[in-house]
Amino acid sequence: MSAGDEGEVGAIRMRYRVPLAIGTGCYVLAAIWVMSLLADDIGSVGQMLLWIGHGVVLIVLLAGLGAWEYSVSAALFIVFASAMTAYVTSVVRDDLILQQRGVETTVIVVKEWRDSAQGRQPRGHNYEVEHPDGTEVPGPALKVRSDRFDVGQHIRVIEDPRGELRPQTPGQADATGDVAGAGLLVLAALAAVGWMAWRGGDATRRGEQDAPKTGAGPREACPAAGRGTPDEQEERLREALRTYPADRSGYVRVHPKDYPDVSHRRAARIGRDMGLRAEAFGNRGSWRFGENVVEEVPYD
């Protein structure tokens, strides 16, 4: 493939990667919103199955961005951030609705009781309240975690005119901190998608740069690559190991198809003579040489 063709392929991949990254980000936002709405309607088992399916879809989408080796870990992070966001959103949804349509008023505590004991779960304090004129406050009883009020005490609450939500004190209904935390989790999930898109583009660029070259010309300027006698191929391999730059992982990469008569073991011996070790695994179509490797190829 010529340098012009490689550049054109890279541009096509970039045009494909950008809309895929945007679509993946929109999918993450949609999944968070849907799961926050379903949190009260499905059990924990159903939620777990949906999150697992969400993770599988994310792995496929993220792998399409190019950096497939990071797709599983990135998908797990996004699923975790999404699940936390959906949980926080479902918890504060009633608070936000109450803030929008609720009416702040003064009420009187007329009755107090505690939740029944359920294992180690804290027992909440419930308060039945009514307006000073004796009219009932619509909705379920006021509920707080600690024993804050006494019967006959006047307190300020925000009540739901429709009676669908339980009244809350102004401090309870303030969800600013929770909303900010959920926003940060959403940004972290979207940042992970952007990072994967960047990693995919970076991997593509490095793959193009790793194409075998002679001193200053593109790969096609080396017409002898993959041909010649075994001795000539070994000499070209030595030249490649001597001149090719190392990648970000510290490896010098060469393509075995350019040296068809040189075995991996023989290449390892040549690399050893030049102070480099040949990596045995994870080469993905290349031979990798470095000063330090995970597992060295036995050499002839």
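Rundown of residues vs (1) part of a loop (DSSP other than H, G, I, E, B); (2) charged (D, E, K, R); (3) open to solvent by 40 Å² or more (accessible area, probe 1.4 Å); (4) touching a residue at least 24 places away in the same chain (Cβ under 8 Å), yes/no style:
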{"site": "261", "(1), (2), (3), (4)": "yes, yes, yes, yes"}
{"site": "281", "(1), (2), (3), (4)": "yes, no, yes, no"}
{"site": "284", "(1), (2), (3), (4)": "yes, yes, yes, no"}
{"site": "289", "(1), (2), (3), (4)": "no, no, no, yes"}
Filtered residues of the stretch 139-160 (kept if in contact with a Pro (Cβ under 7 Å, 6 or more places away or on another chain) and not acidic (Asp, Glu)): 139, 142, 145, 156, 157, 158
- line: Checked against (1) outside any strand (DSSP E or B); (2) open to solvent by 50 Å² or more (accessible area, probe 1.4 Å), residue 196 satisfies every condition except (2)
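Check 109, 88, 92, 103 and return the single one that is open to solvent by less than 60 Å² (accessible area, probe 1.4 Å), in contact with a strand residue (DSSP E or B) (Cβ under 7 Å, 6 or more places away or on another chain), of a type in the set (Val, Ile, Thr) and closer than 18 Å to residue 172 by Cα. Break it down stepwise before answering.
Values: 88 fails: in contact with a strand residue (DSSP E or B) (Cβ under 7 Å, 6 or more places away or on another chain); 92 fails: in contact with a strand residue (DSSP E or B) (Cβ under 7 Å, 6 or more places away or on another chain); 103 fails: open to solvent by less than 60 Å² (accessible area, probe 1.4 Å).
After applying the criteria, what remains is 109.
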- prompt: If you scan the stretch 93-131, which residues turn out to be under 45 Å from the mean Cα position of the chain (by Cα) and of a type in the set (Lys, Arg)?
  reply: 93, 101, 114, 120, 123
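Residue by residue, here is whether (1) closer than 11 Å to residue 107 by Cβ; (2) open to solvent by 40 Å² or more (accessible area, probe 1.4 Å); (3) more than 38 Å from the chain's Cα centre (by Cα) holds:
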| position | (1), (2), (3) |
| --- | --- |
| 133 | yes, yes, yes |
| 142 | yes, no, yes |
| 146 | no, yes, no |
| 151 | no, yes, yes |
| 164 | no, yes, no |
| 167 | yes, no, no |
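For residue 173, indicate whether it is modelled with pLDDT of 80 or more and touching a helix residue (DSSP H, G or I) at 6+ places or on another chain (Cβ under 6 Å). Reasoning before the result, please.
On the way: modelled with pLDDT of 80 or more: no; touching a helix residue (DSSP H, G or I) at 6+ places or on another chain (Cβ under 6 Å): yes.
For residue 173, the condition - modelled with pLDDT of 80 or more and touching a helix residue (DSSP H, G or I) at 6+ places or on another chain (Cβ under 6 Å) - is not met.
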- request: Kindly indicate whether residue 49 is over 25 Å from residue 181 (Cβ atoms) and open to solvent by less than 40 Å² (accessible area, probe 1.4 Å).
  value: no
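Find the residue count for the stretch 112-131, including only residues that are within 15 Å of residue 156 (Cα to Cα) and either surrounded by fewer than 16 Cβ atoms within 10 Å (Cβ to Cβ) or touching a helix residue (DSSP H, G or I) at 6+ places or on another chain (Cβ under 8 Å) (or both).
From the stretch 112-131, those within 15 Å of residue 156 (Cα to Cα) are 127-131; that's our starting set.
Retained after the next criterion (residues that are either surrounded by fewer than 16 Cβ atoms within 10 Å (Cβ to Cβ) or touching a helix residue (DSSP H, G or I) at 6+ places or on another chain (Cβ under 8 Å) (or both)): 130-131.
So the count comes out to 2.
The values are calculated or read from the model by the stated rules, or taken from the named source; none is laboratory data. Bear in mind that the values here come from a model prediction, so they are computed numbers and not experimental data. Methodologically, a virtual Cβ is constructed for each residue, glycine included, from the backbone with ideal geometry; neighbour enumeration extends over all protein chains shown. Remember, those area values only see protein heavy atoms, side chains included, never the ligands or the DNA or RNA. Shrake-Rupley method; radii C 1.70, N 1.55, O 1.52, S 1.80 Å.
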